[in-house]
Structures are given as C-alpha cells and as structure tokens.
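*Asks:* Before I ask anything, let me first share the structure, which is written out below as structure tokens.
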Amino acid sequence: MATVHLRIGDLVWGKLGRYPPWPGKVVSPPKDLKKPRGKKCHFVKFFGTEDHAWIKVEQLKPYHAHKEDMIKINKGKRFQQAVDAVEDFLKKAKGKEQNSDGKGDSKGKKSPNKPLKILEEDDEDLSALKDPSEKDLTDSDPEPSTLERLGAGPGSGFKWESSPVKDDPHFHHFLLSQSEKPASSMEPISKRLKIIEEDSGSTSIQAADSTAINGSITPTDKRIGFLGLGLMGSGIVSNLLKMGHVVTVWNRTAEKCDLFVQEGARLGRTPAEVASTCDITFSCVSDPKAARDLVLGASGVLQGIRPGKCYVEMSTVDPETITELSKVITSRGGRFLEAPVAGSQQLSNDGMLVILAAGDRTVYEDCSSCFQAMGKTSFFLGEAGNAARMMLILNMVQGSFMATIAEGLTLAQATGQSQQTFLDILCQGQMASTFVDQKCQNILQGNFKPDYYLKHIQKDLRLAISMGDMANHPTPMAAAANEVYKRAKALDQSDNDISAVYRAYIH
C-alpha cells in the first residue's frame, strides 16, 4: 500500500473504529499531549465537531481525491453538514489567500478556530516544522498506537486497513474540545486525562465525532434487553433501535413499552425473562431500592442469569449497591458492568450521553455499539463501584451549582436587580454554558418540565454526602444544597426539573 504523504493543514478523510470515514484536517497536537507509541500517525481535527484524534497513516486518505466516493457511501445529515463545513472552510481559505497575498489557514498560522501549533517537546524530528507547508510530515509526525476503538466497519469501494484492539494497547484517543482555547487551557485537559490513565488504570473511548453517532454504526449481533423506560431509558432504547439493535424491553408500567414495540422492539413479560432470553441486559431505574428489587425481587433479573449472560446497571446508585449486585450476578456465572450516564432527557434523546463504566472490561467491549448509539463518549473506570462514585461526584457538583444559580436569581430579584440582566451578564462570563442559559431561561419562563427530576438530584446529593462521610471527607456545600432540595420536595417539586429548586427560595 502506497505511503500517504500529508502535511499540517491538509484535508483528509479519517477512519476511526466503526465510525464512517469523516472529513478532517491535519493539525499540530497540543504541547502537553503525550506522544503515543506504535505506527506513524497524524493528529486530526474533525469538521462539524470539536473532536480531535491520533489517526494512523493507513486510516487517512486525501480529502479531494476521495470526496466523491465518500459522499456516495455516506448519506447521513450530520455527515453532509461536516462536508459543508469543509467547503465553507475552503471558501474562507481561498478568500483569505486573495486578501492577504496567499497567507491563509493552509500556512498553519494560529487562529481562534483551530488548536495552536504546539509540537511535542520530546519529538526531536518535529523541530523543523515551523513552516509545515515546506516540509513533508510523513516520517516525522508523532507516532500512534492502535486505537482502543470499537471495531472497524466496512467502507464500500474504499479500503481501510484495520487491526484488532489488542495489537497495541498503548494507543488512546483523546477528546480535546479546545479548538477555541489557548494553550494554557489545553494543558490541564490533557494532564487530567493522563492522570486518569496512569494513576487509576482507567481509559476512555470517545467518538471521533459525536455527530457521527447518527451515521453508520454496525450494531452488535447480540440480543439486547432493556429494563426501565423512564426519562433516560426511553431515549436510550429509541437510539438503540434506530441504530439497528435487536432490543427486548420491559417496564414496570407496561403501557410505556407500547411505543417501542411499534418501533420494532420485542416485549418482555418479566425482568427474569428478558435476562434469560437476551445476551446483554441493561437496566436504568430510579434509585438503589429499585435497582435491588429489579435484580433480587420476584421474577427478577437474577432468576434469568445463566453463565455468560451480561448485566449492565445504568442507574445512578451508591457503590455499595453496585458491589452487591455485581456479587450476586457473578455468583450465577453472569458478567457484570455498571454504566451510569451523565446527561439529561434531551441528551438521551439526542444520543449524546456520557457513559461511565466499570466492572467487567469484556462486557464494556461487548457493549461498544450500544454505547456508540446512546452516547458521545464512554469512559472505563476500572473495578465495579468506581463509576458509581464518579457519577455521584458529578451530580453532587451539578446539583450544588444549580442551587447556587437559583439562589443568585432570587437574590437579584430581592435586591431590585433584573433577573434577565443577571442571566445576560452570567452568560457573557467564564461560567457561560448551555446548561446555565437553558435552566435560567426556563426558570424565568416558569417552565419546570423535567429534563432531570429534582427528586433524583436530591437522592444523588444524599448519596454523595453519605459517600463523603464514609471517606471521612467534608461535603458542606453539598449538604447545604441538599437542604434546599429537600425544601423544594416539601413544596411538591419532586417530579419537576432540577431547576425547580428555585421555588424553594421564593416560598
């Protein structure tokens, strides 16, 4: 196979795992990103997203030479949006060349729309790349190792070299999301990723482009079961079905299954039946008691577990519950994984959840196409219980933050300040985020339709405080926030959105 000669700034098609070939641009890696080992590769930014990845040379093709073939075999809406983004980039680059005597983006100049050109400190061969347009990078670009990926899918009329994950365990794909940030913002991101990798042995698998989730996913041939069709579970099942998985569903309130049966799902009569007839059974329920009852209760999951059957607990519960469920499942010869999700109903519907997994690594790998369908990113955090701990910490922070925002809005009102102006100022500062904007706008509009139940965030705060007690670690901020949510629950806000904590301050 002929060597692909590429330079920084070149447009390419990059193939990452089972994702379809996606348009991108070869860019310089951040200074602090550790050089991976293995075959030669280039660092690529994907269009239509803020995602970057090390891509092996054999998984890269020149953009223009293969554009027509790629458009023929990929018809997804978001794929087309990515291609449109490439064309917009080319038009802008051409305009800049005409307006600045040819000194456009292709020269590798820094701009707010791409990472700074910072090379690896220990990469001696890269020191001559200050003007990458004059030097070919094929022999000197940082080397990759094999991606911890989800498998390679076929490309009609377009051959990509693929190899199994186990060929080189050192290759890792990092979601950097910093194309509009300076180098100082990049460094702590990559440092934290490496701390996770080196200190705890955990790893992460991220989509080369989260939008590619709605493109070509090769669904597993394993039979999937799903128990619990609440706010999160409904969106997850819908995306599993859309991506071609064979799914059997069960819900305590049976009529919730009807819509999914119409979409092609099979109906399970009991949790035990689902577990016995499916290869991998997921569950997503409200709290530790519901999670235990689902497994240990009458006609529960445990009765359907046989050697080799997989059970994936996606509920946000305490680590002690996870440990108990893991033991009883494995005692029957089953395989156990916990995989709570960070996100909301909207993110669940959009297939953009973040999955935190721990337990049996082989189950994590078997669930790869399912995780691609339901989320944009998945992390494997080691032994069972670690994902529950991390999820509770994340929700503790989110719940405390939401209570603080509500407190700020009500204090603004109490002191004669405009709440809308407060929000406008907030959204122009360092705390600006979609989360802040959406939650505050909903509060001002009196819209508390649940995207994440208030009763569930209060439960997570309670469990996080308990976890802190067991670790002899103070959690005074979470404790204060928990009291505010308890007040909101007393005001009959349990089944409203977490933003309804606002009402605890005005009654």
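*Asks:* How many of the residues making up region 474-507 are in a helix (DSSP H, G or I) and aromatic (Phe, Trp, Tyr)?
*Replies:* Result for region 474-507: 2.
*Asks:* Please go through region 455-476 and pick out each residue that is of a type in the set (Val, Ile, Thr) and either within 22 Å of Ser286 (Cα to Cα) or open to solvent by 60 Å² or more (accessible area, probe 1.4 Å) (or both).
*Replies:* Passing the criteria: Ile457, Ile465.
*Asks:* Does any residue in region 243-255 that is over 16 Å from Leu229 (Cα atoms) come within less than 6 Å, Cβ to Cβ, of a residue that is among the hydrophobic types (A, V, I, L, M, F, W, C) six or more places away or on a different chain, and which pairs are these?
*Replies:* Close Cβ pairs satisfying both conditions: Met243/Ile217; Met243/Ala373; His245/Ile224.
This table checks each residue for (1) touching a helix residue (DSSP H, G or I) at 6+ places or on another chain (Cβ under 6 Å); (2) in contact (Cβ under 8 Å) with a residue 60 or more places away in the chain; (3) assigned to a helix (DSSP H, G or I).
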| site | (1), (2), (3) |
| --- | --- |
| Met232 | yes, yes, yes |
| Gly235 | yes, yes, yes |
| Arg292 | no, no, yes |
| Gly308 | no, no, no |
| Val317 | yes, yes, no |
| Thr321 | yes, yes, yes |
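*Asks:* A follow-up question, please. Out of region 286-298, which residues are open to solvent by 40 Å² or more (accessible area, probe 1.4 Å) and at pLDDT 95 or above?
*Replies:* Answer for region 286-298, where residues must be open to solvent by 40 Å² or more (accessible area, probe 1.4 Å) and at pLDDT 95 or above: Asp287, Lys289, Arg292, Asp293, Leu296.
*Asks:* Select from region 380-417 the residues that are outside any helix (DSSP H, G or I) and out of contact with any Asp or Glu (no Cβ under 6 Å at 6 or more places or on another chain) and write down the one among them that is nearest to Val484 (Cα to Cα).
*Replies:* Going through the qualifying residues, I end up with Thr415.
For every residue, the table says whether it meets (1) in contact (Cβ under 8 Å) with a residue 24 or more places away in the chain; (2) more than 15 Å from Gly399 (Cβ to Cβ).
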site	(1), (2)
Gly416	no, yes
Ile425	no, yes
Ser433	no, yes
Tyr453	yes, no
Lys459	yes, no
Ala464	yes, no
Met470	no, yes
Ala479	no, no
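*Asks:* Any residue at all in region 262-278 that's touching a strand residue (DSSP E or B) at 6+ places or on another chain (Cβ under 6 Å) and under 22 Å from Tyr452 (Cβ atoms)?
*Replies:* Taking every residue of region 262-278 in turn, none turns out to be touching a strand residue (DSSP E or B) at 6+ places or on another chain (Cβ under 6 Å) and under 22 Å from Tyr452 (Cβ atoms).
*Asks:* Continuing with the same structure: Being assigned to a loop (DSSP other than H, G, I, E, B), within 23 Å of the chain's Cα centre (by Cα) and not charged (D, E, K, R) is the filter; apply it to region 29-63 and report the residue that is modelled with the highest pLDDT.
*Replies:* The residue in question is Phe47.
*Asks:* Kindly provide the set of residues from region 314-350 that are open to solvent by less than 30 Å² (accessible area, probe 1.4 Å), of a type in the set (Asp, Glu) and under 17 Å from the mean Cα position of the chain (by Cα), ordered by number.
*Replies:* Hit for region 314-350 is Glu338, nothing else.
*Asks:* So how many residues does region 440-454 have that are open to solvent by 70 Å² or more (accessible area, probe 1.4 Å) and under 29 Å from the mean Cα position of the chain (by Cα)?
*Replies:* Residues flagged as open to solvent by 70 Å² or more (accessible area, probe 1.4 Å) and under 29 Å from the mean Cα position of the chain (by Cα) within region 440-454 amount to 1.
*Asks:* So, of the residues in region 261-285 that are more than 26 Å from Glu365 (Cα to Cα) and assigned to a helix (DSSP H, G or I), which turns out to be most open to solvent (accessible area, probe 1.4 Å)?
*Replies:* Checked region 261-285; the qualifying residue most open to solvent (accessible area, probe 1.4 Å) is Gln262.
The values are calculated or read from the model by the stated rules, or taken from the named source; none is laboratory data. Computed from a predicted structure; not experimentally measured. Note: ideal-geometry Cβ built from the backbone for every residue, glycine included; neighbour counts use all protein chains shown. Side chains are part of the model used for accessible areas, which takes the heavy atoms of the whole protein and leaves out ligands, DNA and RNA. Shrake-Rupley method; radii C 1.70, N 1.55, O 1.52, S 1.80 Å.
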